[in-house]
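For reference, the structure discussed in these notes is given below.
The values are calculated or read from the model by the stated rules, or taken from the named source; none is laboratory data. Bear in mind the structure is a predicted one, so any value in this text is a computation, not a measurement. Ideal geometry is used to build each Cβ from the backbone, glycine not excepted, and the neighbour counts take in all protein chains shown. All accessible areas refer to the heavy atoms of the entire protein, side chains included, with ligands and DNA or RNA removed. Shrake-Rupley method; radii C 1.70, N 1.55, O 1.52, S 1.80 Å.
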Amino acid sequence: MLTLVLATVLGAPGFGVRLDVGAEVPVSQPQATYFSVGYGGSVTAALALLPVLDLEAQVGWVALPPTMEAPVSGTGTLLTVGAGARLRRPVVGNVVIPWGELLLNYGASGGSRLPLTASAGVSFKPTSSGFLVGLFGRFQQVFALAAPEPGYESFNASLLSFGLSVEYLHVPGADDQDGDGVSDDDDACPAQAGPGAPDGCPPPAPPVVNADRDDDGVLDAADRCPVEPEDKDGFEDDDGCPDVDDDGDGVKDAGDACPRAAGPSATKGCPDQDGDGVADRDDACPSVVGKPENKGCPTYRQVKVTEQKIELSQKLFFAFGGTRLLPRSDPVLLEVAQALKDRSSLCVRIEGHTDNKGLREQNLALSQGRAAAVREALMAQGIENGRLTAKGYADTLPIDSNGTLEGRENNRRVEFVLIPCSGVP
């Protein structure tokens, strides 16, 4: 049992140091006649074992100037060292700390002395830290133990002193910055006063019914950002928080041309799957790297894609009077197929045309056969048949005069006209 008590008392002691400085007044005879009012002080080290008890060790000094009646020369001095105890008000949460102490000292002043000191004071805590300032009063009874040395008086003496004290006292749990009576060590809210609350926290604020501090139409109870208004742009408007980048692509909505589809800043936040700097919505070839000046499509050597047609830089060649494509037509057809692959949303009508030589029925069959042969060649390159239509027009749509060899040569041709795909208006 004793071990448990000692462990509790000594487990977490506090500590402190105090400086007392003041006036010293001799009140006994013959000292009151021999000496004038002087000065003195002490330095006290404290071990705070209990909330109201300090064990102390003290070093002190007294200096009294002599009067004209003094039988001795020189200042009367007394140096002391001793120990004792102090009772005080607990420092936890208190601003005014009254205290009283009693010490037994050993002194030297031309012979051994035994001072008995009783002090009382009041200290003040100007801040929540462990520093204190205060006033003290002290009575000291000095007993002479042995014959003095020559030139020193040998009477018992009584001294009264008063002055100022400065102290640093650290007691575990004593800091209480919010002054609510709960030490910071045990205070769950050390900067907010909660008087009477065991955890030191103030009571929670009563809920405000139907509050909407940011006036965004989302009540605070459901508002994740109660002091920031929702931007009401149709994207996650129920959480009450403004969404500055709906698609999370790093381009803020204010400057994002596609705020709901992630894309790079180079295309103003719009998707660009082929990374050619042309946004998919403006890219005629969104899955193929192309050039901005060609609407995001690559350029070709022998074909050109316009708004209406795929134009050829040279004609397609067939066997004389027949529908079989000659090998010299292959490079052009390969580029036509590639252009259609690059533009997966395009469909084309392959038109066969002839000059006016021969019977209309024969020319119609020839033009239809040649258009169908081109269609088969493109399908062999992987173009879906649903994107290709073949039609022969014979000599009904000439582009030059049939009265010259050159004109008739120009009229014998195959054209690729862009048309809406099935189901697309």
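Side notes on the structure shown:
- Residues R260 and R213, FRET efficiency given R0 of 35 Å [Cβ-Cβ distance, rounded to 0.05]: 0.75
- Whole-Hz Karplus values for the stretch 30-39 come out as x, 4, 5, 8, 7, 10, 8, 4, x, 9 Hz, taken residue by residue from phi with 6.51 cos²θ - 1.76 cosθ + 1.60 and θ = phi - 60°; glycine and proline positions read x.
- Estimated FRET transfer efficiency when R0 is 60 angstrom, pair A32-A205 (beta carbons, to 0.05): 0.35
- Taking the charge dipole of the chain about its Cα centre, with +1 at Lys and Arg Cβ atoms and -1 at Asp and Glu Cβ atoms, the residue from V21, V62, Q314 reaching farthest to the positive side is Q314.
- Cα-centred dipole magnitude for the stretch 375-425, charges only on beta-carbon of K, R (+1) and D, E (-1), debye, nearest 20: 140
- Among (i) 162, 52, 46; (ii) 76, 52, 40; (iii) 90, 55, 46, the entry derived from the coordinates for Cα extents along the principal axes in Å: (i)
- For the chain: accessible area per residue (Å², 1.4 Å): 54
- Placing unit charges on the Cβ atoms only, positive for Lys and Arg and negative for Asp and Glu, gives the stretch 309-405 a dipole magnitude near 120 debye about its Cα centre.
- Under the span-like rule (Cα at least 24 Å along the axis, Kyte-Doolittle mean at least -1.0), DSSP H helices of the chain: 360-380
- Subtracting the Cα-Cα distance of Q273 and R360 from 0.36 nm times their residue separation leaves 26.3 nm of extension gain.
- Evaluated over the chain, the count of Lys pairs having alpha-carbon atoms less than 22 Å apart is 21 (only pairs 8 or more residues apart or interchain).
- Using a probe radius of 1.4 angstrom, the carbon and sulfur fraction of the accessible surface of the chain is 61%.
- The listed residues V52, V288, V374 rank as V52, V288, V374 when sorted by accessible area, largest first, using a 1.4 Å probe.
- Under 18 Å from the I399 label point (7 Å along Cα→beta-carbon), backbone N, the stretch 344-371: 348-357, 367-368, 370-371
- Dipole in debye (nearest 20) - the chain, about Cα centre, beta carbon charges: Lys, Arg +1; Asp, Glu -1: 1860
- Only helices enter this figure: runs of n ≥ 4 DSSP H residues, each worth -39500 (n - 2.57), summed and divided by the residues of the chain, yield -4000 deg cm²/dmol at 222 nm to the nearest 500.
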